[in-house]
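A.B. asks: Have a look at this one.
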Amino acid sequence: IFVHLVGKVTEPQDFSEEGFRAIGDLKLDSILREALSDLGVEEGILIRRLNLIKILTRYQRWYEGEIEALVEKLFSDAEAREFLGVNLYHGIWWFHKESFEELLWWLMLISAIEIGFDPFRPVNEMKRELEKSWSMIERLERAGQESGFQIERLIEWIKKPSAQ
């Protein structure tokens, strides 16, 4: 909520990526780390939350793009891969089920906040965008289940026309 618009200061169009970079450039990650630590957040959880903040800042308008591109970007993004517990086992790339579901929950939340942020947005438009976001989340959840939490199978499932 607090850092997602930082990038608009220097890059009004593609502010998500600029906001992501600003977290490190402006030392916001240090400030957030200190604030979370002062609140008594355990070190392991603190690192995970900072990573999540970076991911959500980078992907804050995820619902405006295509689901295939989102999946490709997430699984090639170092922070997202770390958050998702991506690992190689017996030649297969896997991701952690609960982390994937948690990320989907947060992605839906930020889309709802972003879509509902403009009080002048027509209600029908807001409803349509929320339904699109929810549909994408449901599709990602199903892909996760159908893939057995294997990255390659998830990507294949998302790309199938029948997965719509």
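Read-outs throughout are calculated quantities, based only on the coordinates presented, and are distinct from any laboratory measurement. Computed from a predicted model, the values in this text were never measured in an experiment. All Cβ positions, even for glycine, are placed from backbone atoms using ideal geometry, and neighbour counts span all protein chains on display.
A.B. asks: Quickly rank 116-125, 99-108 as a protection proxy: mean count of other C-beta atoms within 10 Å, highest first. Can you show the working numbers first?
C.D. replies: On the way: 116-125: 8.9, 99-108: 17.3.
Put in order of decreasing packing, that is 99-108, 116-125.
A.B. asks: If R₀ is 35 angstrom, what is the calculated FRET efficiency for the pair Glu68 and Asn124, using the beta carbon separation as r and rounding to 0.05? Walk me through the numbers before you get to the answer.
C.D. replies: Values: r = 27 Å, r/R0 = 0.77.
Given R0 = 35 Å and the Cβ-Cβ separation, E is 0.85.
A.B. asks: In addition: State to the nearest 20 debye the size of the charge dipole of the stretch 36-164 about its Cα centre, where the only charges are +1 on K and R beta carbons and -1 on D and E beta carbons. Could you put the intermediate results ahead of the total?
C.D. replies: Working: 17 positive and 23 negative charges, 52 e Å.
Magnitude of the dipole: close to 260 debye.
A.B. asks: If you don't mind, there's one more thing I want to ask. Do any GluC sites (Glu not before Pro) in the stretch 44-85 lie in a DSSP loop with no more than 13 other beta carbon atoms within 10 Å, and if so, which? The partial results should precede the final answer.
C.D. replies: Details: sites: Glu64, Glu66, Glu68, Glu72, Glu79, Glu82; in loops: Glu66.
Hits after loop and neighbour filter: Glu66.
A.B. asks: Determine, for each peptide in 39-48, 53-62, the mean count of other beta carbons within 10 angstrom over its residues, then list the peptides with the highest first. The partial results should precede the final answer.
C.D. replies: On the way: 39-48: 11.7, 53-62: 22.4.
So the order, starting with the most tightly packed, is 53-62, 39-48.
A.B. asks: Taking the Cα atoms of the stretch 62-164, what is the range of coordinates along each of the three principal axes, in descending order and whole Å?
C.D. replies: Sorted from largest, the Cα extents of the stretch 62-164 read 52, 30, 19 Å.
A.B. asks: For the pair Leu88 and Leu39, how long in nm is the line joining their label points, each one 7 Å along Cα→Cβ?
C.D. replies: 3.6 nm
A.B. asks: Here is a further query. Starting from the Cα-Cα distance between Ile47 and Lys132, subtract it from 0.36 nm times their residue separation and give me the gain in nm to one decimal.
C.D. replies: 27.5 nm
A.B. asks: Excluding same-chain residues fewer than 8 positions from Lys160, which aspartates and glutamates have a Cα within less than 17 Å of its Cα?
C.D. replies: Leaving aside aspartates and glutamates fewer than 8 places away in the same chain, those within reach of Lys160 are Glu66, Glu68, Glu72, Glu138, Glu141, Glu146, Glu152.
A.B. asks: Place a label point 7 angstrom from the Cα of Asp29 along the Cα-to-Cβ direction, then list the residues of the stretch 83-123 whose backbone nitrogen is under 16 Å away.
C.D. replies: 83-84
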